[in-house]
Amino acid sequence: MHIPDSFIPFNQAIIYWVIALPFIIMSMKWAKNELDEMKVPVLAALAAGIFAIQAMNIPIGMGTSGHMVGATLVAIVFGSPWAGVLVLTLVLLVQGFAFGDGGITTLGANILNMGVISGFIGYYTYVALRKRTGTSIAALVGAWLGLFTSAIACAVQMWLAGTFPLVPGLMAMGTFHLIIGFIGEGLITAVAIAAIAKSRPDLLEDDFTARPDKHTKEAHA
């Protein structure tokens, strides 16, 4: 899902930078207001884990690859999609400049897809579903939908760039990420959130997720 420099013309890559930049700025403002010495190590640990799982790229044809993203997991842990944007921005910057994974001019598109689209759609899907389905199912569906939508956005961007035809691109990116979104991104996110909620609920910013017993008692009061 990392779009290389050659896959999008510079004039189009600038457009994605312009769209992504306000989200990056807002994520930095979120960090300034919300992060403290207790939260920074958690953010760093999540960033390191996401960096590791994104290193496992699987070729899926036409010069593209698929992998997990992790923005929804970060957003749920910190109770804000801005956290997902921030972490993915940092991870993609290191990957692009230090390891050549993804392009430099196309960083705006990559941040838009994996940080903004995946994080926002994944998190707010989770928020919409959690009271009806429970934390784990909501996290699974949110992470799955966030990953799938970002893959579709990636395919559309490369079609607009003339890199490859729309339908084959949608089939390649969409089909693969439908599968990996469930068995990889979705399940890992669900298991991680469930484990954190059980063992360290204090790490979760979301009140419903962090303190399910409180809501249960209130419901029976």
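Here, each number is a calculation from the coordinates, and none is a lab measurement. Keep in mind that what you see is a predicted model, and the values were worked out from it rather than measured. Backbone-built Cβ (ideal geometry, glycine too); neighbour counts: all protein chains shown.
Can you pull out the residues in segment 133-161 that are over 26 Å from Ala190 (Cβ atoms) and either free of Cβ contacts under 8 Å to residues at least 60 places away in the same chain or acidic (Asp, Glu) (or both)?
Val156, Trp159
So which pairs qualify, if the first residue must be in segment 1-29 and within 22 Å of Gln54 (Cβ to Cβ) and touching a residue at least 40 places away in the same chain (Cβ under 8 Å), the second must be among the charged types (D, E, K, R) and buried (at least 21 other Cβ atoms within 10 Å of the Cβ), the Cβ gap must be under 8 Å, and the two must be at least 6 apart or on different chains?
Filtered contacts from segment 1-29: no entries.
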